Amino acid sequence: MAAPVLRWGCPGTCRAIAWVYGVPRRRRGAWTGSTSSWIRGQSSLAQEPLHTSRKPRKGEHKWAAVVGLEIHAQISSNSKLFSGSQVCFAAPPNSLVSFFDASLPGTLPVLNRRCVEAAVMTGLALNCHINKKSLFDRKHYFYADLPAGYQITQQRLPIAVNGSLTYGICVGKRRSQVTTRTVRVKQIQLEQDSGKSLHDDLRSQTLVDLNRAGIGLLELVLEPDLSCGEEAATAVRELQLILQALGTSQANMAEGQLRVDANVSVHHPGEPLGVRTEVKNLNSIRFLAKAIDYEIQRQIKELENGGEILNETRSFDYKLGCTVPMRDKEGKQDYRWLLFMAKYHYIFGVGANFKSI
């Protein structure tokens, strides 16, 4: 799928189209422009609108943007992925933590049947191939909200692969036409959520709430078939409606039940893809569109000024309307993958190591 060509400062606005019961509804409100042009001391790029109305200059280089998404959706289940702890939003801190969630020695996981069924249903709805055998892996990294020092997830053999997500988007000068586009779904996998770190700047300390640790997540990896924030926002909105219709996830972004990581890069058409950056933990469709469009223009401006793009993880500052660096992906992130040797896999028709909810 050829990526549409972008120009630096191309005109237009970003609005998402959501299909509800076959009727298109346009989300009002421009997703362009800075939210903080009045803030002093910020970079000029953060204060510029995402799109300007000037025409491209003669001989100006064309740029193509490539966007891929990793979407984490919390599974609608009464208990966690590998323990019997209850799942409840806004419960008192550390009140829903089992021995396994706290990683006490000698505790073993038991797979939740409901989470597997939710993953299979979602895979079928997205035209995926369902693997009859699926394995879990351990992703080792150390952080305060991960007591075990590793996350149980799937990397080598996930539940579903090779699907597609179809969505409608407005095109044309007056944006009165709706065209259908498709983004490929690379895989759908199950994984544990981590806990939540609460940073107290006044006391210079960080508190940890493990209520969320171990909650079952669907991670949906979309191929880099998108080219701007509007396309990404519309695709995520369509997926959100599908998950809600299936009942596999409530997908309430305000409660953190749907979170998106965006991988963004730019390049000249016909040349190899550029270095990508990852924008983490976007919990709003509007902020998703803003973050991607800002990151595209930031990378274009950096390259046109003779700079280089770093392979790094960034976050979106909604108050400033810009992305800011979090960490260097090459140097500081040390993930180590191991096969989950306890053989907590399933084969359809056998169904070992399941528990009821």
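Just one of (1) hydroxyl-bearing (Ser, Thr, Tyr); (2) over 24 Å from Ala245 (Cα atoms); (3) open to solvent by 10 Å² or more (accessible area, probe 1.4 Å) fails for Thr182. It is (2). Evaluate the range 67-90: report whether one residue or more is open to solvent by 70 Å² or more (accessible area, probe 1.4 Å) and either at pLDDT below 55 or aromatic (Phe, Trp, Tyr) (or both). The answer is yes, given that some residue of the range 67-90 is open to solvent by 70 Å² or more (accessible area, probe 1.4 Å) and either at pLDDT below 55 or aromatic (Phe, Trp, Tyr) (or both). Within the range 255-270, identify whether any single residue is exposed (fewer than 12 other Cβ atoms within 10 Å of the Cβ), over 23 Å from Ile152 (Cα atoms) and either out of contact with any Gly (no Cβ under 9 Å at 6 or more places or on another chain) or modelled with pLDDT of 90 or more (or both), and answer yes or no. Yes, that holds for at least one residue. For the range 153-201, residues that are part of a loop (DSSP other than H, G, I, E, B) and farther than 30 Å from Leu111 by Cβ total 6. Considering only the range 140-160, I want to know if a residue exists there that is open to solvent by less than 70 Å² (accessible area, probe 1.4 Å), among the small types (Gly, Ala, Ser) and at pLDDT below 90. Looking through the range 140-160, at least one residue is open to solvent by less than 70 Å² (accessible area, probe 1.4 Å), among the small types (Gly, Ala, Ser) and at pLDDT below 90. Filtering the range 271-301 to residues that are among the small types (Gly, Ala, Ser) and either modelled with pLDDT of 95 or more or open to solvent by 40 Å² or more (accessible area, probe 1.4 Å) (or both) leaves Ala289, Ala291.
The values are calculated or read from the model by the stated rules, or taken from the named source; none is laboratory data. Keep in mind the model is a prediction, meaning the values are calculated, not measured. Cβ sites come from the backbone with ideal geometry, for glycine too, and all protein chains shown count toward neighbours. SASA here: full protein model, heavy atoms, side chains in, ligands and nucleic acids out. Shrake-Rupley method; radii C 1.70, N 1.55, O 1.52, S 1.80 Å.
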